[in-house]
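The values are calculated or read from the model by the stated rules, or taken from the named source; none is laboratory data. Fair warning: this is a prediction, and the values are worked out from it, not measured in the lab. Every residue, glycine among them, receives a Cβ derived from its backbone with ideal geometry; neighbour counts consider all protein chains shown.
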Amino acid sequence: MSDRVLERKVFQDGEKIFKEGDDGNLAFVLQSGEVQIVKNAGEENELILATVGQGGIIGEMALLDNSNRMATARASQGGAAIVISRQMFEAKMKKADPFLRGLLNILADHVRRMSKDKAEAVKPEAPTEGDG
């Protein structure tokens with residue numbers, strides 16, 4: 001058994017746990033509450049990619065592929081989460097099978113591309129000269 005103590009984060013309704021574009025050094029396993037994963041879809045628009053509840057994980061994509069946050073995590077219901085640091089994640093990944101590590105990176109890339117494509121699809125079109 002490890003002598004490390006897991007950190008816990010408590011969040012309130014409406015609180016942004018992380019923002020799209022931020023560095024991603026933490027992931028969170030939800031113990032309670034509910035979090036919406038939202039992506040900026042241009043201007044004042046946002047796209048809800050997912051709603052995650054108890055037992056779900058958020059922020060894992062940035063840990064998997066060392067990229068910035070692909071979306072914002074906003075609490076739709078206050079709650080608490082166990083924090084997974086990059087250091088802890090990388091220590092576990094070093095012990096994982098290289099094939100599985102590669103597969104996880106490929107899957108992370110696919111999810112990022114699909115999320116980007118979905119956000120692009122819902123962006124409002126720019127007005128043309130004949131509009132208005």
Exercise. Can you spot a residue in region 42-51 that is within 21 Å of Val111 (Cβ to Cβ), at pLDDT 95 or above and out of contact with any helix residue (DSSP H, G or I) (no Cβ under 6 Å at 6 or more places or on another chain)?
Worked result: yes
For this session: State all residues of region 79-125 that are at pLDDT 80 or above, of a type outside the set (Gly, Ala, Ser), over 21 Å from Thr51 (Cβ atoms) and not in a helix (DSSP H, G or I); if no residue qualifies, say none.
Result: Asp97
Exercise. Strands (runs of 3 or more DSSP E) wholly in region 13-56 with at least 2 residues that are surrounded by fewer than 16 Cβ atoms within 10 Å (Cβ to Cβ) - which ones?
Worked result: 26-40, 46-52
